[in-house]
Amino acid sequence: MSHCRARMSIVRTCLSLSSRHLTSRRVLSHVGRVVGSHRPPVRLNPTHRRTEKKRNGIVAMGEDWESMWAAGLEPGQAFDASRVEPGFQDLINTGTLPKGTALVPGCGRGYAVAALGSAERKVFGLEVSTTAKAAADAYLSTAKAGDGSAATEHCTVVIDDFFTHTGQYDLVYDCTFLCAIPPSRREEWATQMSKLIKPGGEIVSLVFPLGDYEGGPPFALSTKIVEDLLTPAGFEVVSLTEVPEEKLARTYPRGLRGEYLYRWRRL
């Protein structure tokens with residue numbers, strides 16, 4: 001009985017947390033509970049805490065994610081899927097995605113960066129965490145690109161703020177980025193995508209986690225949310241595909257189980 005009361009207390013505590021005041025311990029634990037973990041939560045150093053002063057952009061976001069990565073995020077833990085999302089890998093395998101240059105914001109360990117890389121496509125991963133970049137660099141140093149060549153020949157991870165990042169890309173893959181940013185910045189996300197993607201270029205959004213629950217990160221998404229963001233920003237739908245059950249990248253203890261691959265073209 002005391003065990004049940006303790007579990008209920010933990011649940012109530014999690015639901016009362018706001019994303020604005022999550023410590024690094026709570027962020028990692030919260031993310032793991034929402035998207036599903038393949039490994040148990042790591043023990044975080046209590047000094048890895050977010051300061052409560054008002055901040056924005058790369059400073060605030062970088063400190064939050066850096067503290068989580070520096071605490072010991074392992075492959076398969078929390079949002080890390082241990083591999084490129086299977087549904088997205090299938091799309092890559094069709095050979096229909098734009099060549100040229102590609103961007104993966106919030107790339108983490110760089111699984112998708114490597115999978116997209118080839119002699120015909122140079123890929124840039126974007127991170128705000130220096131520890132995440134180091135993990136991605138380590139992964140890419142031994143990984144194979146999509147065409148079987150060394151990933152380091154075609155793939156680079158850089159530290160930068162997505163919202164102020166400059167460049168022009170033929171393709172952007174967003175998987176764990178839109179769901180990680182506060183909902184108040186979503187329109188800004190769409191506007192920035194319209195600046196970064198060349199006319200005729202594409203964005204592929206892996207829409208997850210699904211549902212209408214409150215709080216995050218990750219924050220709940222839906223195909224309607226993505227549509228309402230990208231249509232006014234100058235994009236048209238290329239395709240919408242529900243990912244088969246056996247190809248889902250993550251477990252979903254909270255919200256609806258499922259993923260959608262939403263593909264859009266810049267007008």
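Among the residues making up region 181-223, those that are in a helix (DSSP H, G or I) and not aliphatic (A, V, I, L, M) are P183, S184, R185, R186, E187, E188, W189, T191, Q192, S194, K195, T223. One residue stands out among those in region 121-180 that are part of a loop (DSSP other than H, G, I, E, B) and of a type in the set (V, I, T): the one that is modelled with the highest pLDDT, which is T166. Annotation note: of Y169, Y173, the sole residue that is over 15 Å from the mean Cα position of the chain (by Cα) and among the aromatic types (F, W, Y) is Y169. Residue check: is E153 out of contact with any Ser or Thr (no Cβ under 7 Å at 6 or more places or on another chain) and over 22 Å from Y260 (Cβ atoms)? When the stated conditions are applied, E153 passes them. Take the conditions (1) surrounded by fewer than 19 Cβ atoms within 10 Å (Cβ to Cβ); (2) touching a residue at least 12 places away in the same chain (Cβ under 8 Å); N93 misses just one of them, which is (2). The number of residues in region 224-252 that are over 15 Å from E202 (Cβ atoms), of a type outside the set (F, W, Y) and in a loop (DSSP other than H, G, I, E, B) comes to 7.
Among residues of region 79-90 that are under 13 Å from Y260 (Cα atoms) and part of a loop (DSSP other than H, G, I, E, B), those with a Cβ under 9 angstrom from a residue that is at pLDDT below 95 and basic (K, R), sequence gap 6+ or separate chain, pair up as E85/R250.
Considering every residue within region 172-182, establish whether at least one is buried (at least 17 other Cβ atoms within 10 Å of the Cβ), under 23 Å from K133 (Cα atoms) and among the acidic types (D, E). For region 172-182, residues buried (at least 17 other Cβ atoms within 10 Å of the Cβ), under 23 Å from K133 (Cα atoms) and among the acidic types (D, E): present.
Anything in region 104-158 that is crowded, with 18+ Cβ neighbours inside 10 Å, of a type in the set (S, T, N, Q) and in contact with a helix residue (DSSP H, G or I) (Cβ under 7 Å, 6 or more places away or on another chain)? List them, or say none.
From region 104-158, those crowded, with 18+ Cβ neighbours inside 10 Å are 104-118, 121-129, 132-133, 135-136, 139-140, 143, 145-146, 151, 154-155, 157; that's our starting set.
If we keep only those that are of a type in the set (S, T, N, Q) as well, we get 118, 129.
Within region 104-158, just S129 meets the criteria.
The values are calculated or read from the model by the stated rules, or taken from the named source; none is laboratory data. This structure is a prediction, so every number in the text was calculated from the model and none was measured. Heads up, the Cβs are rebuilt from the backbone with ideal geometry, glycines too, and the neighbour counts pull from every protein chain shown.
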